[in-house]
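Below is one structure, written out as structure tokens, with a few remarks after it.
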Amino acid sequence: MADTPPSLKSWKVAPCKQSLAGALRVPGDKSVSHRAVMFASLADGVSHIRGFLEGEDTRATARVMQQLGVGIDTPAYGERRVHGVGLNGLMAPNAALDCGNSGTAMRLLSGVLAGQSFSSVLVGDASLSRRPMNRIATPLRDMGARISLSSTDTAPIEFSPAGKLQGIRYRCPVASAQVKSAVLLAGLFAEGTTEIVEPVPTRNYTEVMLAEMGAAIEYGDGFARLQGGSRLQAMDVEVPADFSSAAFAIVAACLVPGSHLRLTAVGMNPRRTGLLDVLRMMGASIDITPVQGRTELFDIDVQASPLSGVDVPVETVPDMIDEFPILFVAAACATGITRVRGAAELRVKESDRIAKMAEGLRTLGVRVEETADGADIHGGAMHGGRVDTDGDHRIAMAFAVAGLLAEAPVRIEDVGNVETSYPGFVADFSTIGANIEAI
Ligand code: S3P
């Protein structure tokens, strides 16, 4: 029998009658998994990736690289062996390249495809096909790429062969690691130096990993400079647990009275962990301990404690850009008002996350006032109800946590896309004592 379409999958979440307890190792980091498989494909030699996120998004990236002629084996669940074809070894695909729901896949691959001497087309699902792609097309065209978008500046993205790309100095108008990465990846195929200056620093995995693979790249807070033609050497990658997936259990443990939870082996890139700063401002009790012998990994211990509303510092917004759905839930359960501003980017994520969170929280009885770039969330009791996710994985998981705190069951519609980033979410939550029923 065919699988149930994602849009028909739902969850019923029961109010949590007991505290949450135990330890969780959430799946591998999405940002690192995408980059590991993509960069290893462009490298000379064989790379082994462990802890690879077996999500729909990262599998889409691996499938696209295979369509471009790269040999990728799966020795075990969560592992990939990538037979790099070298900087100039990709081959023309014989069909459109499907990025599914993944903005990271589409925008980073655009940087790679812009520099090839063959034509290609990137496509995505309905949500991805609504998201803005002029933010990558503009700098890539400045480098000499031939790119056409739909009439609304969205996917499909068509690449036609152009002459050799030229390095540029690009001042990025949006704080976006995806745009920065697309430009740097195109820079690998360009003549001369490619330099990018960011309005505020964003996650730097691309810079760190390209440097580790031997590229001639310099970088610091808010800038990166790459030498065109830099060859990459194969590298073994251990992917840490994804902070953005851990965030749901972290907030659940803050909120469900009496809880004590440990999230293990989590990657703590400082441009990702702004949520911890904001939760601590709200009164959360969270301790972080480095994993012995693994300086880049941390265990996070969370103990439940009452939270109070805060004004989220605008400068923290880029460091927690994926965590706003779950922050909205923390705010709904805090005393007082939480104010979010400077977060207009949330309107162009997998869904309009300001609108969807405001709509769902109001359905559960929470007072939320929307602004163009944020919201005021008034903490208070949540009753039960039925909320819709618009197919957004993080909206679904945020409302699953809300359901644990509500006075009556919460039904969440259209949860299938949780598979894009957090396969095993329901099972993980059941091991720590939550009751989420797939229906
Ligand atoms: C990502 C960058 C962010 C983030 C996304 C992953 C990345 O997007 O929201 O989930 O891996 O580079 P933007 O670059 O659009 O901010």
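The values are calculated or read from the model by the stated rules, or taken from the named source; none is laboratory data. Given the structure is predicted, the values throughout are model-derived calculations rather than measurements. In case anyone asks, the SASA skips ligands and DNA or RNA and just uses the protein heavy atoms, side chains included. Shrake-Rupley method; radii C 1.70, N 1.55, O 1.52, S 1.80 Å.
Any chance you could give the angle, 0 to 90 degrees and rounded to 10, that helix 56-67 forms with the longest Cα principal axis of the chain?
Between the helix axis and the principal axis of the chain, the angle is about 10 degrees.
What Kirkwood Rh does the chain have if only Cα atoms enter the pairwise 1/r average? Answer in Å. Show your work: numbers first, answer last.
Details: mean 1/r = 0.0454 Å⁻¹.
The answer is 22.0 Å.
Angle between the Cα long axis of helix 353-363 and the longest principal axis of the chain, 0 to 90 degrees, nearest 10?
So the inclination is approximately 20 degrees.
Using a Gaussian network for the chain with springs between C-alpha atoms less than 10 Å apart, which of these wobbles most: 38, 281, 382?
For the chain, modelled as a Gaussian network with Cα springs under 10 Å, the answer is 281.
Report, largest value first, the span of the C-alpha coordinates of the stretch 340-431 along each principal axis, in whole Å.
37, 29, 19
For residue 30, which lysines qualify as cross-link partners when the Cα separation must be under 18 Å and same-chain residues fewer than eight apart are set aside?
180, 349
If every alpha-carbon in the stretch 30-238 counts as one equal scatterer, what log10 I(q)/I(0) does Debye give at q = 0.12, 0.14, 0.17 1/Å?
So the normalised log intensities are -0.53, -0.74, -1.15.
Helix 243-255: angle to the longest alpha-carbon principal axis of the chain, degrees 0 to 90, nearest 10?
Taking the Cα atoms of the chain, the angle to 243-255 is about 10 degrees.
In whole percent, and with a 1.4 Å probe on the protein chains, what portion of the accessible area of the chain is carbon and sulfur? Each step should come with its number before you reach the end.
Numbers: 7790 of 15760 Å².
Answer for the chain is 49 percent, counting heavy atoms of protein chains only.
Averaged over all directions, how much area does the convex hull of the C-alpha atoms of the stretch 309-373 cover when projected, in nm²?
Its average projected convex-hull area is 3.9 nm².
Write down the accessible area per residue of the stretch 322-439 in Å², having rolled a 1.4 Å probe over the full set of protein chains.
Using a 1.4 Å probe on heavy atoms only, each residue of the stretch 322-439 averages 31 Å².
From the convex hull of the Cα coordinates of the stretch 194-236, what is the mean projected area in square nanometres?
Approximately 2.9 nm², given one-decimal rounding.
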